[in-house]
Amino acid sequence: MAANVTPSRGAAVRIDRLRKTFGSAVAVDSISLDIPTGSFVTLLGPSGSGKTTTLNLIAGFLSPDAGSILFDGAIVSNVPTHKRNIGMVFQNYALFPHMTVFDNVGFPLKMRTKLTSAEARTRILETLALVELNGFEARYPRQLSGGQQQRVAMARALVSHPRLLLMDEPLGALDKKLREQMQFEIKNIHRSIGTTFVYVTHDQTEALTMSDLIVVMNYGKIEQAGTPRQLYETPENQFVADFLGGANLLPGTVAAVAADHFSVAVEGGFTVQVPRDRVAAKAGDAVSVLVRPEEVGVALTEDRQAGAECVAGTVTAVGYLGDSLKLEIAVAGIAIGAKLARARGFSIESGQRVFVSWPRASARLLLRSTR
Amino acid sequence: MSVRVGRLAIPTGTLLVLLYLLFPVVVVVLISFSSARFLSFPPPGYSIQWYAKLLSDPDWLNSLAITLQVGALTTVFSTLLGVPAAFALSRYGIPGRSFVTALILASLITPTIIKGLSLYLFYVPLGLVNTIWGLAAAHTVSGLPYVVINTIASLRSADRDLERAAVIHGASPLWAVVRITLPIIAPGIMVGAVFAFIQSVHELLVALFVLGGVEKPLAVKLWAGVRSEVDPTIAAVSTGLIGMAVLAYACAGVAQLLSKRRGLPAAGP
């Protein structure tokens, strides 16, 4: 095989105080981030959070106002996009409509390598096999389904063994079932080739399923970066808690600080205990208590257990989701959502008096954001 | 009752308008196949003698050659200038963009007689009068807007991400345009080029000023013919010109159809 093909070891990407404005709008606000070699990193955030702008800055489609981007320690600001050795999967796939699947996938090889046509052919077929799309070489993009086009776009992005693969909401146009299947396939491909993946999405499930590292962005800033488990179980602020998964955020004030827990007076008039961890809060601080809906239990009779909170409320809404039952319960004027798994045969109606409980250890204290 | 009248009125009206528009064309085409030695309608009989006469007359053939040369040069000039202009106008925030656009389009609404006269005065000191290059340059002024408008329309409907995809996968920005964008907007460019060609072939007034001497394009020779010899030869020439236009439009139509079949964005108007 030709010697000028870059080995497929992933690039380590460092983003250093990167800033980009459009007119008076700050799209990316001096963010810094380290993306380890070979990792799968997801930039997660609502639209307008700066995640796509960040991706376009890494790609070189935009140039930063300040700060720098480094690939393996080398600043790439002066390297034009076509020489950065990146692969990219676009939201709408951006397959070349006038070329066959074979030529689409072969395009990066033609541009970047000096492979003979036989070598290129081997590589193209290998890559198509990786995305399970053999036998479609002679088709044109318009003759393929959305999922197949997505696979072609993946193959084109990977064929030249780039050190970095960028993906901009690549599953957005697919239906739910296909999307879930592709999430696992993309993850498998990542594991098998070792290239660094940077993935942009607003879909928290996608981010949780695939990522080694999730970077939650909002208003051009990084709210929190961490593993999926860290972000879900120990979010550092209300935004992250709310964006990843369902979240009950009970507003209140710290009433007392004990050795192992905080006592929080929730606004509705009841007091709960929250385990004390690294959160620096003192009595009188405005806080929110995070309780995940799937931790919430609902019972018709009061059943106080050690290590659990239990409060009385009224069911205000019931939603049947098939695999679970979604309830909304008003507790002293505060709405608490509950997601009950294995709810077969459990019948409950709006207006019913119930007791809501959750394990104390599952709750988490968040300082009320001042932003 | 009134509903039925309404239902009949629209197709009937359409038909009448169509007949009104097509009647002169039909008359010219029929006369060109006349067996009579003079212009008369309806023709007493049919023959192809006028076409035979035309194709054996070196003067007419020379005019045809000139028209085709001028038309071809106009098409090439308009395309070579119009496509880059369209890219510049639609892609880059160049200062005075709307002014430049207006300037390019202005030639569509400038009275042709004024264009002819001013070009003549402009050309005399440059020695461009009575040259094929001179007329082609003059016709390019009118052909350019068609190419620019159609190319801008195609560029607007073409997906910018395609070019980005080419660039990020290793193509230089120029190569991305050549390999990806141009093939995709080619049908749109072709429609513009066809319009530029047809307007050059049919244009009379500017041609009269610039190339009205010994060597004449078809339109000028036709004009002279109408005033002197009144036999169906000129009808045959006119039919030929109409045929050329129909053929060119058909080419543009086929290009559009092909691009639609390939799932590419449709070209301009």
Scanning for something closer than 25 Å to residue A:36 by Cβ, outside any helix (DSSP H, G or I), at the interface with another protein chain (Cβ under 8 Å from one of its Cβ atoms) and among the hydrophobic types (A, V, I, L, M, F, W, C), does the range A:64-74 turn up at least one residue?
no
So in the range A:275-297, with the set limited to residues that are of a type in the set (Val, Ile, Thr) and at pLDDT 90 or above, which one is surrounded by the most Cβ atoms within 10 Å (Cβ to Cβ)?
A:291
Helices (runs of 4 or more DSSP H) fully within the range B:70-180 counting 3 or more residues that are under 30 Å from residue A:164 (Cβ atoms) and within 14 Å of another protein chain (Cβ to nearest Cβ):
B:160-168, B:173-176
Would you confirm whether any residue within the range B:247-262 is within 14 Å of chain A (Cβ to nearest Cβ), under 22 Å from residue B:79 (Cβ atoms) and assigned to a loop (DSSP other than H, G, I, E, B)?
yes
Selection within the range A:22-59 - among the charged types (D, E, K, R) and within 24 Å of residue A:184 (Cα to Cα):
A:51
Report whether or not residue A:104 is at pLDDT 95 or above, within 21 Å of residue B:161 (Cβ to Cβ) and either within 12 Å of another protein chain (Cβ to nearest Cβ) or crowded, with 18+ Cβ neighbours inside 10 Å (or both).
yes
Condition (residue is under 23 Å from residue A:244 (Cα atoms), in a strand (DSSP E or B) and among the small types (Gly, Ala, Ser)) applied to the range A:267-282: is it met by at least one residue?
no
The conditions are (1) basic (Lys, Arg); (2) more than 8 Å from chain B (Cβ to nearest Cβ); (3) within 17 Å of residue A:57 (Cβ to Cβ), and residue A:114 fails exactly one of them. Which is it?
(3)
Every pair of residues 6+ apart whose Cβ atoms lie under 7 Å, when the first sits in the range A:14-36 and is closer than 15 Å to residue A:58 by Cα and touching a residue at least 24 places away in the same chain (Cβ under 8 Å) while the second is hydrophobic (A, V, I, L, M, F, W, C) and not in a strand (DSSP E or B):
A:18/A:57; A:20/A:57; A:20/A:62; A:28/A:57; A:35/A:12; A:36/A:12
Those residues of the range A:26-54 that are farther than 24 Å from residue B:164 by Cα and buried (at least 21 other Cβ atoms within 10 Å of the Cβ) come to a total of 1
Does the range A:164-176 contain any residue that is under 14 Å from the mean Cα position of the chain (by Cα), among the small types (Gly, Ala, Ser) and within 27 Å of residue A:69 (Cβ to Cβ)?
yes
For the range A:75-101, which residues satisfy the criterion of being within 8 Å of chain B (Cβ to nearest Cβ), touching a residue at least 60 places away in the same chain (Cβ under 8 Å) and of a type in the set (Val, Ile, Thr)?
A:86
Subset of the range B:181-205 [under 22 Å from residue A:107 (Cβ atoms) and either of a type in the set (S, T, N, Q) or within 8 Å of another protein chain (Cβ to nearest Cβ) (or both)]
B:181, B:183, B:184
Of a type in the set (A, V, I, L, M), surrounded by 16 or more Cβ atoms within 10 Å (Cβ to Cβ) and in a helix (DSSP H, G or I): which single residue out of A:18, A:57 fits that description?
A:57
Residue check: is residue A:321 farther than 19 Å from residue A:274 by Cα, loosely packed, with under 13 Cβ neighbours inside 10 Å and among the aliphatic types (A, V, I, L, M)?
yes
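The values are calculated or read from the model by the stated rules, or taken from the named source; none is laboratory data. This is a predicted model, so every value here is computed, not measured. In this analysis, Cβ positions are derived from the backbone assuming ideal geometry, glycine residues included, and neighbour counts consider all displayed protein chains.
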